[in-house]
Amino acid sequence: MTETIKWFKTHCSRMDHGGCAISVGVRNGRIVQIKGDPDGFLNQGYICTKGRHSHQKLDAPDRLKTPMRRAGKRGDGKWETISWEEALNTICLNLSRIRDDHGAKAVAFCQGMPKGLEHFALIRLAHTFGSPNVVAVQDVCHAPREVSGLHTCGFYPVTDFHHDSRLILVWGGNPQNTNEEGEISSLLMNQIKNGCQLIVVDPRQTRLAQKAGYWLPIRPGTDAALALGFLHVIIHENLYDHEFVEKWTSGFDALAARCKSFSPEMVSEICGIDARLIQESARCYAQTRPAAIAWGNAIEQHASTWDTTRALICLMAICGNLDVPGGNIHALDPPILGLAPFVRADLVPDKISEMIHAHFGTVPRLMTVPAAYFRKAVLENEPYPVRAAYMQCCNPLMGYADSLRTREALNRLDFFAVSEVVMTPTAHFADIVLPAATQFEFDDIGHYGLGHGIILARKKIVEPPKDCWPDIRIINSLGKRLSKPEYWFDDERAMLEAVLSPAGITFEEFCQKGFLKGPESFKKYEASGFKTKSGKVALSLNVAEKWGVSVLPEFVPKAIDPEYPLLLTSAKSPRYLHSSYRWIDGLREEEPVPVCLIHPDTAGAADIHDGDMVQIETAAGNMVQTARIIGAIRVDTLLAAYGWWFPEEKPENDASWRRSNYNMLTETRQLGKAFGTPDLKGIPCRIKLKRRDS
């Protein structure tokens, strides 16, 4: 007799930042169906295609199920299976040896996009080991917005989708395809249904842009100029919030002077947007309150991100939209363990001056090492040598700019280990590969440390394969071997309980609640000022001069290269998470090949037809993707697929990860001073038909 489906509630994870409450159907110990939970605080029943297919990764044919040790040269694809005890001892022996020979900072701990508690457990591992170097991708995702906010207004301005906005300006994001932390598209769509106006800044006319009152098809890489153009219109036409500006900002006159030359006509020439559209959109934002800016991390994937993020915060401020319901708010955490005690920040008191990127003078409060500087330490010993790495939840060979330089760095390391679900291109070069448990196979806490004022219960639903361990268990086990055991926990459940202890609840009680949210409080500055040196929003940030970055937002145009007349950009896929999950059959069926979007006029000039294989070239390299001709994109812009590799091909075949890899076209010679950010978008490029014999 067939067992009936039993339903369990949890939150989605590891398919994006997560946040959607879901109902998971289990039969005979296997997940057979996933539905959105109508009671979900963030999603209200919404679920994306990644979420619906997420259980398929548990039974993937190529899933790693035992620890492995490299048995040949790096990249040969020769492995031997070993026990967990052997694997952990090998990792600890090598990391300890390198610490003894070169110091703890010669070991880096690498994470991709934070998936859950494992990110902060990894930081704790680095600190207890003695290393200040946690390498992550925050320089191109989240940190520019967060750190710029901390310096400008004293907090990270989060988009408030939970209270009525009269206007939402979506800038460099597409919530209908990929959700920002805590900002689920169902919440945005409810706002629109309730009459909220919409402005979208995007070089492509997305489904969301089709719903907008104003779509601004921006030339990639010119966001700072457009933001300065908005500021010009609002200040010049006297549309700003005079009371807020006079009482709660500093440097307004200097900002007004900086914006004076950024007229709609001038910005039109820079950004390729009609001047009247710029003027009307700016007026609409200024005159419709409360208004929120839903900023995506596309604005953080340019070397100029410091100026863009600063300009947008200035825009929020002068229009009185900071920390008001329906605007961009300072979200407060629930009563949980703070990050500093959890990651044991006390064990690395000199971290700020000892991190790799401190040598390069990035702005203060950037707490993870940018990938470009990590590789510089590995390849050039600058500012000191890095000889080993432990990696989890990341695939640097695909995710870091300039993939060939990343491969060179991986091969230069004396030792590195990877925790993974399948054999990725990066794991293929490792010395030790550990089989990780994944979503639904362990208890976890979501959204901890992300600044959105909420944490989510991710309850375990099914058992993992026998030798697949959760990352937090791996880290806890390594920590006990690499540092004092008293710095660690009896087991990973105790780690979760420690985070929740200030709230006075157990993890089981947390799962019954589903989430914890911080208190709602707005205009907190009225009682205590902004958490800046002056107590005001620093429109002109004078201390930035000391850091070698601009005091006021600015735009510096880039030279035009006639050899590369087009501009390359990318967008996250609604079906994959960066380079992950091309090995999930259900998702691969929906998006089987990497596609480059091309305007019909551009395609016609190059004799390219829909479905043709095309070669995209930049000064850094080239790759091949499939052409898709659409009118809903700028004529001077190519939008290529990002994160593509082909798991069905043998990983020792370089073409499997090089052929269509977006980061074969990026480089890191020119980095943003503030965050070490490379240009991942707005890259000069050209395109041609890929001949069968070429």
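Here are some conditions: (1) buried (at least 18 other Cβ atoms within 10 Å of the Cβ); (2) over 25 Å from the mean Cα position of the chain (by Cα). M495 meets all but one. Which one does it not meet?
It is condition (2) that M495 fails.
Could you go through region 298-317 and let me know if any residue there is more than 26 Å from the chain's Cα centre (by Cα) and of a type in the set (A, V, I, L, M). It would help to see each step written out before you state the result.
To start, the set of residues in region 298-317 that are more than 26 Å from the chain's Cα centre (by Cα) comprises none.
No, the conditions are met nowhere in region 298-317.
Of the residues that sit in region 483-532 and are in a loop (DSSP other than H, G, I, E, B) and of a type in the set (D, E, K, R), which one is farthest from V324 (Cα to Cα)? Break it down into steps so the answer makes sense when it comes.
From region 483-532, those in a loop (DSSP other than H, G, I, E, B) are 483-484, 488-491, 504-506, 514, 518-524, 529-532; that's our starting set.
Narrowing further to those that are of a type in the set (D, E, K, R): 484, 490-491, 520, 523-524, 531.
Details: K484: 46, D490: 43, D491: 42, E520: 11, K523: 6, K524: 9, K531: 16 Å.
Of everything passing the filter in region 483-532, K484 is farthest from V324 (Cα to Cα).
All but one of (1) aliphatic (A, V, I, L, M); (2) surrounded by fewer than 20 Cβ atoms within 10 Å (Cβ to Cβ); (3) in contact with a strand residue (DSSP E or B) (Cβ under 8 Å, 6 or more places away or on another chain); (4) outside the structural domain of A674 (by TED's automatic domain parsing) hold for V593; state the number of the condition that does not hold.
Going through the list (1) aliphatic (A, V, I, L, M); (2) surrounded by fewer than 20 Cβ atoms within 10 Å (Cβ to Cβ); (3) in contact with a strand residue (DSSP E or B) (Cβ under 8 Å, 6 or more places away or on another chain); (4) outside the structural domain of A674 (by TED's automatic domain parsing), V593 breaks only (4).
Quick test of your reading of the structure: N238 fulfils all but one of (1) within 20 Å of R310 (Cα to Cα); (2) of a type in the set (S, T, N, Q); (3) surrounded by fewer than 23 Cβ atoms within 10 Å (Cβ to Cβ). Name the failing condition by number.
(1)
Looking at the structure I just gave you, is Q205 more than 28 Å from C596 (Cβ to Cβ) and not assigned by TED's automatic domain parsing to the domain that holds M495? Steps first, please.
On the way: more than 28 Å from C596 (Cβ to Cβ): no; not assigned by TED's automatic domain parsing to the domain that holds M495: yes.
No: the conditions fail for Q205.
Checking V369 against (1) in contact with a Leu (Cβ under 8 Å, 6 or more places away or on another chain); (2) buried (at least 24 other Cβ atoms within 10 Å of the Cβ); (3) under 23 Å from E146 (Cα atoms); (4) not aromatic (F, W, Y): exactly one of these is not met. Which one?
For V369, the failing item is (1).
Matching residues to (1) at negative phi; (2) touching a strand residue (DSSP E or B) at 6+ places or on another chain (Cβ under 9 Å); (3) buried (at least 19 other Cβ atoms within 10 Å of the Cβ):
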position: K6; (1), (2), (3): yes, yes, no
position: G19; (1), (2), (3): no, yes, yes
position: I22; (1), (2), (3): yes, yes, yes
position: D39; (1), (2), (3): yes, yes, no
position: H53; (1), (2), (3): yes, yes, yes
position: K57; (1), (2), (3): yes, yes, yes
position: A60; (1), (2), (3): yes, no, no
position: E80; (1), (2), (3): yes, yes, no
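Please determine, by comparing only the residues of region 405-443 that are among the charged types (D, E, K, R) and under 16 Å from I474 (Cβ atoms), which one is surrounded by the fewest Cβ atoms within 10 Å (Cβ to Cβ). Break it down into steps so the answer makes sense when it comes.
Of all residues in region 405-443, those among the charged types (D, E, K, R) come to 405, 407-408, 412, 414, 420, 431, 441, 443.
Then drop every residue that is not under 16 Å from I474 (Cβ atoms), which leaves 420, 431, 441, 443.
On the way: E420: 23, D431: 18, E441: 20, D443: 22.
Taking the candidates together, the pick is D431.
Determine the pairs where a residue that is in the same structural domain as V343 (by TED's automatic domain parsing), located within region 480-494, has a partner that is part of a loop (DSSP other than H, G, I, E, B) and surrounded by fewer than 17 Cβ atoms within 10 Å (Cβ to Cβ) with Cβ atoms under 8 Å apart, the partner being 6 or more residues away or on another chain.
S483/G130
Which of the residues spanning region 643-694 are under 20 Å from T626 (Cβ atoms) and small (G, A, S)?
G643, A655, S656, S660, S694
Could you check how many residues of region 221-278 are polar (S, T, N, Q) and touching a Ser or Thr at 6+ places or on another chain (Cβ under 6 Å)? I'd like the intermediate steps shown before the answer.
In the first step, residues of region 221-278 are kept if they are polar (S, T, N, Q); the result is 222, 238, 249-250, 261, 263, 268.
Next, from what is left, pick out any that are touching a Ser or Thr at 6+ places or on another chain (Cβ under 6 Å): 250.
Residues that pass the stated criteria total 1.
Give me the pairs: first residue in region 656-681 and on the phi > 0 side of the Ramachandran plot, second residue crowded, with 24+ Cβ neighbours inside 10 Å and among the β-branched types (V, I, T), beta-carbon distance under 9 Å, and six or more apart or on different chains, which are they?
Correct list of pairs: G676/T362; G676/V369.
Among the residues of region 444-461, write down those that are surrounded by fewer than 24 Cβ atoms within 10 Å (Cβ to Cβ) and in contact with a Cys (Cβ under 8 Å, 6 or more places away or on another chain).
Matches in region 444-461: K459 only.
Does any residue of region 137-154 turn out to be in contact with a helix residue (DSSP H, G or I) (Cβ under 6 Å, 6 or more places away or on another chain), closer than 22 Å to F342 by Cα and touching a residue at least 60 places away in the same chain (Cβ under 8 Å)?
Checked region 137-154: no residue is in contact with a helix residue (DSSP H, G or I) (Cβ under 6 Å, 6 or more places away or on another chain), closer than 22 Å to F342 by Cα and touching a residue at least 60 places away in the same chain (Cβ under 8 Å).
When only residues in region 62-73 that are among the charged types (D, E, K, R) and surrounded by 15 or more Cβ atoms within 10 Å (Cβ to Cβ) count, which is nearest to A436 (Cα to Cα)? Before you say what the answer is, go through the steps one by one.
To start, the set of residues in region 62-73 that are among the charged types (D, E, K, R) comprises 62-63, 65, 69-70, 73.
Cutting the leftovers down to surrounded by 15 or more Cβ atoms within 10 Å (Cβ to Cβ) gives us 63, 69-70.
Values: R63: 9, R69: 15, R70: 17 Å.
That would be R63.
Could you list, in sequence order, the residues of region 35-83 that are more than 30 Å from G19 (Cα to Cα) and either small (G, A, S) or part of a strand (DSSP E or B) (or both)?
Listed by number, the residues that qualify are M68, R69, R70, A71, G72, G75, G77, W79, E80, T81, S83.
One residue is enough: does region 212-219 have a residue meeting the conditions more than 25 Å from P678 (Cα to Cα), in contact with a Phe, Trp or Tyr (Cβ under 6 Å, 6 or more places away or on another chain) and in the same structural domain as S534 (by TED's automatic domain parsing)?
Taking region 212-219 and keeping what is more than 25 Å from P678 (Cα to Cα), we get 212-215.
Then drop every residue that is not in contact with a Phe, Trp or Tyr (Cβ under 6 Å, 6 or more places away or on another chain), which leaves none.
Within region 212-219 (the criterion being more than 25 Å from P678 (Cα to Cα), in contact with a Phe, Trp or Tyr (Cβ under 6 Å, 6 or more places away or on another chain) and in the same structural domain as S534 (by TED's automatic domain parsing)), the answer is no, since none of the residues qualifies.
Let's see how each residue does on (1) modelled with pLDDT of 95 or more; (2) surrounded by fewer than 19 Cβ atoms within 10 Å (Cβ to Cβ); (3) not assigned by TED's automatic domain parsing to the domain that holds A389:
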site: H11; (1), (2), (3): yes, no, yes
site: D16; (1), (2), (3): no, no, yes
site: I31; (1), (2), (3): yes, no, yes
site: T49; (1), (2), (3): no, yes, yes
site: E85; (1), (2), (3): yes, yes, no
site: L88; (1), (2), (3): yes, no, no
site: L95; (1), (2), (3): yes, no, no
site: D100; (1), (2), (3): yes, yes, no
site: V107; (1), (2), (3): yes, no, no
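Can you name the residue in region 617-627 that is among the small types (G, A, S) and assigned to a loop (DSSP other than H, G, I, E, B) and, of all such residues, is surrounded by the fewest Cβ atoms within 10 Å (Cβ to Cβ)? Explain how you work it out, then say what you get.
Going through region 617-627, the residues among the small types (G, A, S) turn out to be 619-621, 627.
From the residues that got through so far, the ones that are assigned to a loop (DSSP other than H, G, I, E, B) too are 619-621.
Values: A619: 13, A620: 19, G621: 17.
This residue is A619.
Within region 653-675, how many residues turn out to be assigned to a loop (DSSP other than H, G, I, E, B) and not charged (D, E, K, R)?
Here is the first cut: in region 653-675, the ones assigned to a loop (DSSP other than H, G, I, E, B) are 653-654, 659-661, 665-675.
From what's left, not charged (D, E, K, R): 653, 660-661, 665-666, 668, 670-672, 674-675.
Total satisfying the criteria: 11.
Between P684, P678, which is assigned to a loop (DSSP other than H, G, I, E, B) and in the same structural domain as D585 (by TED's automatic domain parsing)?
Details: P684 fails: assigned to a loop (DSSP other than H, G, I, E, B).
Selected residue: P678, the only one of P684, P678 that is assigned to a loop (DSSP other than H, G, I, E, B) and in the same structural domain as D585 (by TED's automatic domain parsing).
The values are calculated or read from the model by the stated rules, or taken from the named source; none is laboratory data. Source: prediction; values computed, not measured. Counting neighbours? That spans all protein chains shown, and the Cβs are built from the backbone with ideal geometry, glycine included.
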